[in-house]
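Colleague: Let me give you the structure first, and then I'll get to my questions.
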């Protein structure tokens, strides 16, 4: 195992162990959508998950009230992003402003500039990975 891979795994484990409250941006009510499965997984493992989706705001998703804005999910430890990469810069800025400790970008969600901005502000950043896959063991 390469040193970079070991450090990535250590970061992911550290995030898992010290995260309690997660805002899941782009939450979906459709059980076939990855965000729905990831939310179910995180809830089953004892995390508090606040679904963020303006189109579903005010509804319950897996028993959790959906909020329309990331700010409505605060305070939070981690922001888990299921949105297109073009939305990441704004979400990263909000995560920084709200005092999140981690910005997690799901599989296929990549924005190097937003990741660099978040890291420079002190956030841990995981990009193009999924906590359900990383924490399944």
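Please treat every number below as a calculation from the coordinates, not as lab data. Since we're looking at a predicted model, the values are computed, not measured. All Cβ positions, glycine included, derive from the backbone under ideal geometry; neighbour counts span all protein chains shown.
Colleague: Determine whether region 4-12 contains at least one residue that is touching a strand residue (DSSP E or B) at 6+ places or on another chain (Cβ under 7 Å), exposed (fewer than 15 other Cβ atoms within 10 Å of the Cβ) and within 15 Å of residue 125 (Cβ to Cβ). Break it down into steps so the answer makes sense when it comes.
Modeller: Of region 4-12, the ones touching a strand residue (DSSP E or B) at 6+ places or on another chain (Cβ under 7 Å) are 11-12.
Filter once more, keeping what is exposed (fewer than 15 other Cβ atoms within 10 Å of the Cβ): 11.
Filter once more, keeping what is within 15 Å of residue 125 (Cβ to Cβ): 11.
Scanning region 4-12 turns up at least one residue that is touching a strand residue (DSSP E or B) at 6+ places or on another chain (Cβ under 7 Å), exposed (fewer than 15 other Cβ atoms within 10 Å of the Cβ) and within 15 Å of residue 125 (Cβ to Cβ).
Colleague: Can you name the condition, by its number, that residue 136 falls short on among (1) in contact with a helix residue (DSSP H, G or I) (Cβ under 9 Å, 6 or more places away or on another chain); (2) surrounded by 13 or more Cβ atoms within 10 Å (Cβ to Cβ); (3) under 16 Å from residue 47 (Cβ atoms)?
Modeller: (2)
Colleague: Which members of region 112-137 meet the condition of being touching a strand residue (DSSP E or B) at 6+ places or on another chain (Cβ under 7 Å) and either farther than 18 Å from residue 24 by Cβ or in a loop (DSSP other than H, G, I, E, B) (or both)? Full working, then the answer.
Modeller: Restricting attention to region 112-137, the residues satisfying the condition of being touching a strand residue (DSSP E or B) at 6+ places or on another chain (Cβ under 7 Å) are 115, 118-119, 123-128, 131.
Residues satisfying the conditions are 115, 119, 123, 127, 128.
Colleague: Also: Any chance region 69-82 includes a residue that's crowded, with 20+ Cβ neighbours inside 10 Å, out of contact with any helix residue (DSSP H, G or I) (no Cβ under 8 Å at 6 or more places or on another chain) and over 17 Å from residue 118 (Cβ atoms)?
Modeller: No, region 69-82 contains no residue that is crowded, with 20+ Cβ neighbours inside 10 Å, out of contact with any helix residue (DSSP H, G or I) (no Cβ under 8 Å at 6 or more places or on another chain) and over 17 Å from residue 118 (Cβ atoms).
Colleague: Within region 77-92, does at least one residue satisfy the condition of being over 18 Å from residue 33 (Cα atoms), assigned to a loop (DSSP other than H, G, I, E, B) and within 10 Å of the chain's Cα centre (by Cα)?
Modeller: There is at least one residue in region 77-92 that is over 18 Å from residue 33 (Cα atoms), assigned to a loop (DSSP other than H, G, I, E, B) and within 10 Å of the chain's Cα centre (by Cα).
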